[in-house]
1. Need one number: nm distance between label points at E43 and R27, each 7 Å from Cα along Cα→Cβ, rounded to one decimal.
2. Hey, rough spin-label estimate for K59 and Q12, points 7 angstrom out along Cα→Cβ, what's it come to in nanometres?
3. Scan around I57 for amide H atoms under 5 Å from its own, H built in the peptide plane at 1.01 Å from N, and keep only partners 5 or more places away or cross-chain.
4. Under a straight-distance cross-link criterion of Cα-Cα below 22 Å, which lysines are reachable from K59, leaving out those fewer than 8 residues away in the same chain?
Amino acid sequence: MAKGEVFERHRQPWTTDEIQKLHQFARKGMALKAIAKALKRSEESTKDRAKEDGLNIAKLR
């Protein structure tokens with residue numbers, strides 16, 4: 001698995017728990033990168049889910 005970072009949870013559906021945490025982190029103003037890491041999700045997946053739920057995520061790097 002040398003090519004880039006591979007996520008073990010590839011294409012897994014979001015659990016209620018993960019969605020609640022995503023909402024909490026977004027409210028706290030956490031950066032996308034930090035939220036994705038905390039949820040063990042890709043930034044892309046996290047961003048898409050947040051958009052689906054109408055959340056604003058800080059675009060801090």
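Every read-out reported here was derived from the displayed coordinates using simple, explicitly stated rules and does not represent laboratory data. Since this is a predicted model, take the numbers as computed values, not measurements. All Cβ positions, even for glycine, are placed from backbone atoms using ideal geometry, and neighbour counts span all protein chains on display.
1. In this crude label model, E43 to R27 measures out at 2.6 nm.
2. Output for this residue pair reads 2.9 nm.
3. Residues meeting the criterion, in which the H sits 1.01 Å from N, do not exist here.
4. K21, K28, K33, K37, K40, K47, K51
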